Amino acid sequence: MYKYTEAAPGIFILSLDNHVEIVEALTAFCLEKEILAGTVSGLGAVSEATFRFLDPGTLKYVDRTFAEQMEITNLTGNISQKDGKPYLHIHLTAGRRDYTCIGGHLLCARINGACELVLQAWPGVFAGRRADPSTGLNMYKF
Ligand code: FE
């Protein structure tokens, strides 16, 4: 699912295998390394990505999948924990064939090419998450 090296204590360079789903692979890595706090950033290419948009007026989620080849121009996210398990919050911007970009809150994306990530794991746990009915979000609980 992935290859990695620990470049410095807590700093991991990951190369995800082709055709894997990014959120699934990152979650598996965090489980393997028992990472419950940190940040992740990266780039690569995908053949499909599903984003989630929260309408703040209705507090309803709108999910949309784009099935086309796209460059990951930026993937950025944080890692916290919810119910004792790694909780990944990832945003992704993807460049299309016509050089326009789409992006948003990432639900899942399938690699088609490569995906190179830098993950900085922090010791311990800096925050949990809890559902916040006023925003519809899982907010930090410090
Ligand atoms: Fe988000």
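The values are calculated or read from the model by the stated rules, or taken from the named source; none is laboratory data. Given the structure is predicted, the values throughout are model-derived calculations rather than measurements. When we count neighbours, we look across all protein chains shown, and the Cβ atoms used for this are built from the backbone with ideal geometry, even at glycine. Protein only, heavy atoms only, side chains kept; ligands, DNA and RNA dropped before computing areas. Shrake-Rupley method; radii C 1.70, N 1.55, O 1.52, S 1.80 Å.
Here are some notes:
- Semi-axis lengths, Å, the chain, gyration tensor of Cα atoms, sqrt of 5 times eigenvalues: 23, 22, 11
- Full extension of the chain between Thr39 and Tyr99 gives 18.9 nm of extra length, using 0.36 nm per residue less the Cα-Cα distance.
- Net charge of Cβ neighbours under 15 Å - reference Asp132; Lys, Arg +1; Asp, Glu -1: +4
- Dipole moment magnitude, nearest 20 debye, the chain about Cα centre, only Lys, Arg, Asp, Glu C-beta charged: 380 debye
- Counting only DSSP H runs of at least 4 residues, each contributing -39500 (n - 2.57), and dividing by the residue count of the chain, the helix-based mean residue ellipticity at 222 nm comes to -2500 deg cm²/dmol.
- Unit charges on C-beta of K, R, D, E only; dipole of region 22-69, Debye: 160 debye
- Among Gly77, Val118, Cys101 - extreme Cα towards positive end, dipole of region 56-142, charges at beta-carbon: Gly77
- For region 6-84, the Kirkwood estimate of the hydrodynamic radius, built from every pair of different alpha carbons, is 14.7 Å.
- Computed on the chain, with alpha-carbon pairs under 8 angstrom and 6+ residues apart, the relative contact order is 32 percent.
- Surface accessible to a 1.4 Å probe, per residue, for the residues of region 1-141, Å²: 55 Å²
- Net length gained if the chain between Tyr61 and His89 were fully extended (0.36 nm per residue, minus Cα distance): 8.5 nm
- R0 of 35 Å, Cβ-Cβ distance Ile11-Lys82: FRET efficiency to nearest 0.05: 0.90
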